[in-house]
Amino acid sequence: MVRAARKVTSGEVPAKAEAAEPVVAPPMPAKPVPSSAKKKAPEPVRRSLGTIITVAVTSLACFVFGGLLSSPLLMGLGVLIWFTLMSPFMAAWASIGAVTGIATLGTARFMFPNVLVEPPSKFKVGPASDYPLNTVSNKWKDLFGIWIVHTDQYEGKNLIYALSAVCTHLGCTPNWLDGEQKFKCPCHGSGFYITGVNFEGPAPRPLERVGLRIAEDGLLEVDKSLKFQEEMGQWTDPASCVDVV
Amino acid sequence: MSIGDYIRESQVWKSIFRHPAPVDRRNRVVVMLTNFFLHLHPVSVKQQGIALSYTWCMGGITFFLFLVETITGVLLMFYYRPTLQFAFNDILALRDVTTLGIMREIHRWGAHSMVITVWLHMYRVFLTGSYKPPREFNWVIGVLLLVLTLLLSFTGYLLPWDQLAIWAITVGSNMARATPFLGYEGPGALLLNVGGFDLITSGSDARFLLLGGRFVGEGTLNRFYILHCVAIPLVVALLIAIHFWRVRKDGGISQPL
Amino acid sequence: MLEHHPDLTAAVIYGLGWAYLLMFVMNAFWVKRSYDVDGNCHMFGQAIPMASFWALYAAVLGMVSIAHLTGSDNPQSFLIRMPDAIKDAFNAASDPRTFFALSTIGFIVVIWAREFLVTPTMGWILLNLSCLYLTLSMTDYDFRQIVTKPDNVPIVGMLFIVGFFTWLSFNRAVENDRRVAAGQPIREREKNEKVLVWPDLVYSELICMVALTAFLIAWGIVLQAPLEEPASGAKTPNPSKAPWYFLGLQEMLVYFDPWMAGVVLPSMILVGLMAIPYIDFNKLGNGYYTFKERPFAIITFMFGFLPLWVAMIVLGTFLRGPNWNFFGPYEYWDVHKLELLNNVNLSEWFWLDVMQRPLPVAPANSEWYVQFGYILLRESVGILVTLAYLFLLPPVMAATIFRSFFQKMGFIRFMVLANLMLFMASLPLKMVLRWAINLKYIVSIPEYFLNL
């Protein structure tokens, strides 16, 4: 395309090369072959991928377990397997693979922070007498994301427990609707009874309880690091609720 | 000699534009070959390949919107600090105080438009069968670009730090809790348990990795800011380059065989 | 007396006046085109140009526009508004069942009647109908609230654009199919000389860039980007929605557990999209619009894009209100709307209703494998159904309806195709099951977070 365009615009330059007779090149002389190359090169050792992976994994496993069990014998065995059964080429590739893998895992680990600025998991919520029977307290919802519930509707027992204000469907914060006596999630419409048990909408399981106990000074203490799931039978755990007598 | 001629005859001008203006056929060819920005294009194309009713111009518009987003995005970064203390107020200030704070509107509407034009580009490429050999791999790159466009938009959604932002991200990222094996509420997560110690908890699962915390908070804002402004745009730019290069190498814009 | 939420205000009427004026101008141009192209029809014993009907319509639009532009001083008694009967009909039709059924039926009609729909006149009529629907609906307060929300405006625009391009592609495809049937060359091969990129392509790119910049600036001036209250982790707004382009996925969350709707199905969508060029063995239709040469591919893709993606976004954006309940487009978003959502699992239905006995429960304090066995027993029906769906159906498909596909594609490619199709079909299937028998989960193992 370019050449054609040039030819049109710069027509006065004659194309000399095309007009000349084609020159036939003389045949090339045969390439001299050094005598050493005439000997047939040894077949390169090719191992199948399966063998290589087996060897690499076995030796690495020996090395790692040796390190974990602090057994120099096992570690030595790993090194021995590696250097005897791996061809240098494959050893190089396996090393690169291993280093890349470790680097990826390390980067992934780097992305998990060790220190978090989040509210404390243990806190006091006042005496049990603050929570009358069959009420749900929204007092701590904004700050700590829990409700304190006092009810006798769960298996007929008079209990106070702390429910985590996280919908078990997708983690939105449900609202306690006093008129309808249920927790209702605004995201996808899951509904839970006052007991925390799900009865409508997409939530697959009841709300979770968090740890609640009466501390030494007689106040209720919530421990959010503990969680109790009804469907796992964990609500029978005495740490999940406080009996009111 | 007019001033225009004087400028065009000067050494400076000639060092930048090595050929006369593209007014005749020869220079129209040469300009495509010598200009860095134009050399993305071939010198000539088939008429039907650039007909608007055929291409809908959606790929080009998407690329143009990417440029708009980059420019307005860089400008917005001068006025925005990604911390809980400042983020929302900075956006408020952009709206109420900053002259030409309309930059944020352009950025947001451009982002919405880009999502739509990416879909339509894909729709057109499918309907004309342009993903068929030899363009299979370029289609795959296109799908990756679609994902990255959605991720760009998703990460940007959080930055104003208003109710709309954090709850959209909360709803969107909560699904990561349920990733099989890697989310602490996903099927199989309980199996990853070594000696009574759960490997996958709310502090070590896929969602934690995404948010940098157990819920959408300070860490998330910073993470999404970096992803939105640096990490994803870099990858997108690389993939766009490959996408364009492959369009040329796979035989130019698709045509009936 | 003033209403709290007035359906019509002076500003709305005035704005609609301009919208009708725009439609009037558009149709005035159409009258000219119709006069040149459409010819006459015979009525009352004489030839009447088709253009006269369009002229009549345009004149009505013009009068409506004038009525709006001058009659805005008393909005309460303004007469031109959406009739309540039509509003009720639309509200009733926007139940998820009818909505999905109608979008599917609409899709089938578009495919089936494409040759009729792709004429320019039909396209113009459809455009006018949708514009009229929009302008008339704007007279309703609740409709206006949801449609003019700044983040929803692009979706409205997208509906028009998607509709237009679908129409355009069918127009070109039908024309090419007709040419192929008549033995003529397809349109993309005709008049296909090589032209220089400068100026033919570079100029149109430049014009496009300038127009787009102007468009974005205008949009930015007219519509302010949304900014709500500052974020608060404790107050979930009602409803809480994901960004609009993920609302199709959020809608799936109503029918599937998060691990399916949020992780597995989106991954399948992406893998499926990437796999398209490798499983499509059809060599025809490369680089031009056609329908008849690749009907299966086009129907499948369009079904995934239009009813399952775009329509789901519309549903999630416009029709889902507080508590993720369903609201018609003209319905007030009442937070206290009650909707019964008592769904049952397949296992509950099987054991309680069919077998008339309680769900099998492992004895207390039993070993983990005993509990696991009881769970398997409890969910056996669902597990069998799922396994049959995933492993029995592909061979059946290969032997029956997809026989020729299987022979041409080979085992692996066919299995990939079959599985992608099954996953895609699982969404409408689960929706229908939910509506028909209130099914919640086919397999429900909350103990291990495994619900299907």
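The values are calculated or read from the model by the stated rules, or taken from the named source; none is laboratory data. Quantities reported herein were computed from a predicted structural model and do not represent experimental measurements. Heads up, the Cβs are rebuilt from the backbone with ideal geometry, glycines too, and the neighbour counts pull from every protein chain shown.
What the table below lists for this structure:
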| read-out | value |
| --- | --- |
| Residue within segment C:195-212 that is of a type outside the set (A, V, I, L, M) and touching a residue at least 12 places away in the same chain (Cβ under 8 Å) present | no |
| B:V74 vs. criteria within 10 Å of another protein chain (Cβ to nearest Cβ) and either surrounded by fewer than 20 Cβ atoms within 10 Å (Cβ to Cβ) or assigned to a helix (DSSP H, G or I) (or both) | no |
| Segments classed as strands (runs of 3 or more DSSP E), wholly inside segment A:147-245, with at least 1 members that are among the aliphatic types (A, V, I, L, M) and at negative phi | A:159-164, A:175-177, A:209-214, A:220-228 |
| Whichever residue in segment B:48-62 is among the hydrophobic types (A, V, I, L, M, F, W, C), part of a helix (DSSP H, G or I) and out of contact with any Lys or Arg (no Cβ under 7 Å at 6 or more places or on another chain) and, among such residues, is nearest to C:L206 (Cα to Cα) | B:I61 |
| Top-ranked residue in segment C:64-100 [being over 22 Å from C:A10 (Cβ atoms) and of a type in the set (S, T, N, Q); ranked as surrounded by the most Cβ atoms within 10 Å (Cβ to Cβ)] | C:S94 |
| Positions within segment B:125-153 being facing chain C (nearest Cβ under 7 Å) and over 12 Å from the mean Cα position of the chain (by Cα), in sequence order | B:F126, B:L127, B:T128, B:G129, B:S130, B:Y131, B:K132, B:E136, B:W139, B:V140, B:V143 |
| Condition met for B:G195 (within 11 Å of chain C (Cβ to nearest Cβ) and either among the small types (G, A, S) or more than 14 Å from B:I166 (Cβ to Cβ) (or both)) | no |
| Members of segment B:199-242 that are within 14 Å of chain C (Cβ to nearest Cβ), farther than 19 Å from B:I169 by Cβ and modelled with pLDDT of 95 or more | B:L239 |
| Tally of residues being facing chain C (nearest Cβ under 7 Å) and either surrounded by fewer than 23 Cβ atoms within 10 Å (Cβ to Cβ) or polar (S, T, N, Q) (or both) across segment B:162-172 | 4 |
| Complete set of residues in segment C:90-147 that are acidic (D, E) and closer than 14 Å to C:T166 by Cα | C:E115 |
| Identity of the residue in segment B:39-67, over 23 Å from B:G129 (Cβ atoms) and more than 7 Å from every other protein chain (Cβ to nearest Cβ), that ends up surrounded by the most Cβ atoms within 10 Å (Cβ to Cβ) | B:L65 |
| Counted residues, segment B:1-47 - those being farther than 30 Å from B:Q255 by Cβ, of a type in the set (G, A, S) and touching a Lys or Arg at 6+ places or on another chain (Cβ under 9 Å) | 1 |
| Odd one out for A:E180 among (1) at pLDDT below 85; (2) touching a Phe, Trp or Tyr at 6+ places or on another chain (Cβ under 8 Å); (3) surrounded by fewer than 19 Cβ atoms within 10 Å (Cβ to Cβ) | (2) |
| Members of segment B:201-239 that are assigned to a helix (DSSP H, G or I) and among the hydroxyl-bearing types (S, T, Y) | B:T220, B:Y225 |
| Test for A:R209: is it in contact with a helix residue (DSSP H, G or I) (Cβ under 7 Å, 6 or more places away or on another chain), more than 9 Å from chain C (Cβ to nearest Cβ) and charged (D, E, K, R) | yes |
| Number of the condition not met by C:K337 [criteria: (1) basic (K, R); (2) within 25 Å of B:Y157 (Cα to Cα); (3) more than 10 Å from chain B (Cβ to nearest Cβ)] | (2) |
| Counted residues, segment C:214-230 - those being assigned to a loop (DSSP other than H, G, I, E, B) and surrounded by fewer than 16 Cβ atoms within 10 Å (Cβ to Cβ) | 4 |
| Qualifying residue in segment A:186-193 (condition: facing another protein chain (nearest Cβ under 9 Å) and farther than 23 Å from C:E447 by Cα) | yes |
| Odd one out for B:E9 among (1) more than 23 Å from B:L120 (Cα to Cα); (2) acidic (D, E); (3) in contact (Cβ under 8 Å) with a residue 40 or more places away in the chain | (3) |
| Selection status of B:R95, closer than 22 Å to C:D151 by Cβ and either polar (S, T, N, Q) or at the interface with chain C (Cβ under 10 Å from one of its Cβ atoms) (or both) | yes |
| Selection within segment C:241-260 - farther than 17 Å from B:F154 by Cα, facing another protein chain (nearest Cβ under 7 Å) and not aromatic (F, W, Y) | C:L253, C:V254, C:D257, C:P258 |
| Segment B:173-198: number of residues that are touching a helix residue (DSSP H, G or I) at 6+ places or on another chain (Cβ under 9 Å) and either in a strand (DSSP E or B) or exposed (fewer than 15 other Cβ atoms within 10 Å of the Cβ) (or both) | 2 |
| Hey, B:G156 of a type outside the set (D, E), outside any helix (DSSP H, G or I) and either in contact (Cβ under 8 Å) with a residue 24 or more places away in the chain or facing another protein chain (nearest Cβ under 7 Å) (or both) or not | no |
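Here's the yes/no breakdown for (1) buried (at least 21 other Cβ atoms within 10 Å of the Cβ); (2) assigned by TED's automatic domain parsing to the domain that holds C:P428; (3) assigned to a loop (DSSP other than H, G, I, E, B):
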position: C:M260; (1), (2), (3): yes, no, no
position: C:S267; (1), (2), (3): no, no, no
position: C:Y288; (1), (2), (3): yes, no, yes
position: C:K292; (1), (2), (3): no, no, yes
position: C:L308; (1), (2), (3): yes, no, no
position: C:G316; (1), (2), (3): yes, no, no
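Here's the yes/no breakdown for (1) more than 7 Å from every other protein chain (Cβ to nearest Cβ); (2) of a type in the set (S, T, N, Q):
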| site | (1), (2) |
| --- | --- |
| C:V263 | no, no |
| C:S267 | yes, yes |
| C:V271 | yes, no |
| C:N282 | yes, yes |
| C:N286 | no, yes |
| C:Y289 | no, no |
| C:K292 | yes, no |
| C:L306 | yes, no |
| C:W309 | yes, no |
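For every residue, the table says whether it meets (1) touching a Pro at 6+ places or on another chain (Cβ under 9 Å); (2) surrounded by fewer than 17 Cβ atoms within 10 Å (Cβ to Cβ); (3) under 30 Å from C:S240 (Cβ atoms).
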{"residue": "C:L352", "(1), (2), (3)": "yes, yes, no"}
{"residue": "C:M355", "(1), (2), (3)": "no, yes, no"}
{"residue": "C:V361", "(1), (2), (3)": "no, yes, no"}
{"residue": "C:A364", "(1), (2), (3)": "no, yes, no"}
{"residue": "C:V370", "(1), (2), (3)": "yes, yes, no"}
{"residue": "C:L377", "(1), (2), (3)": "yes, yes, no"}
{"residue": "C:I401", "(1), (2), (3)": "no, yes, no"}
{"residue": "C:F411", "(1), (2), (3)": "no, yes, no"}
{"residue": "C:L427", "(1), (2), (3)": "no, no, yes"}
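One line per residue, one yes/no per condition, for (1) touching a strand residue (DSSP E or B) at 6+ places or on another chain (Cβ under 8 Å); (2) assigned to a helix (DSSP H, G or I); (3) within 23 Å of C:G248 (Cα to Cα); (4) in the same structural domain as C:L249 (by TED's automatic domain parsing):
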| residue | (1), (2), (3), (4) |
| --- | --- |
| C:T386 | no, yes, no, no |
| C:Y389 | no, yes, no, no |
| C:V416 | no, yes, no, no |
| C:F423 | no, yes, yes, no |
| C:V432 | no, yes, yes, no |
| C:I442 | no, no, yes, no |
